[in-house]
């Protein structure tokens, strides 16, 4: 179907979003690996700006699209916030506040577009994880080029093209962008190869799909003898 799978409990999904949002402060702030109040406060600020901006952008975008009935879509707002958090992770310590705002705006629109696109292509992604983590992860990796000659970046990554004071600004940005793209391809190839090997072994040994009968009856009923979600099981009329 071209329609998205409707979530069964948006209240729990929203709570999960806020828990992740709170935890991301520790994730990004702790990644600095040193107790520097000035740098950590900057990281927390860029993280929050990107997340909030992405959520607002997703709300605005869905309210302008007929596909979402021209209303703000809560599930997309949640994914927008998460997409903003994913996007800012790589550069949270290095970018200025305006860049965090821009990264969040792009992430909020990107999530909505990718969710719609994957539904159109009938790709099985019920919670939008591909859109959030793959799509916004790629964008966040490329967005590191916005951290032009940041002191912390230059102290930690001595050979970063962005820190080369002898090169012109545009040249430095494209040099760094090339490194980011190369890194993306390396991660992509490793992930595809390792995943293919892993899933091939699992498929050959124990299988990776349940039977059609078990799927129709529901795995909770088949494995545990109970119906976890009333109203979701198939009944005869």
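Laboratory data are not the source of any read-out in this text; all were calculated from the coordinates shown. No experiment lies behind these values; they were computed from the predicted model shown. Cβ placement follows ideal geometry from the backbone for every residue including glycine, while neighbour counts extend to all protein chains displayed.
Would you mind putting 138-144, 76-82, 221-227 in packing order, based on average other-beta-carbon counts within 10 Å, highest first?
By packing density, highest mean first, the sequence is 76-82, 138-144, 221-227.
Among 92-101, 118-127, sorting by the average number of other beta carbon atoms lying within 10 angstrom of each residue, highest first, gives 92-101, 118-127. Remark: the residue 194-residue 228 segment gains 8.9 nm on full extension, using 0.36 nm per residue and subtracting the alpha carbon distance. Applying 1/(1 + (r/R0)^6) with r as the Cβ-Cβ distance of residue 15 and residue 180 and R0 = 25 angstrom yields a FRET efficiency of 0.15. Peptides 30-38, 104-112 ranked from most to least packed, by the mean per-residue count of other Cβ atoms within 10 Å: 104-112, 30-38.
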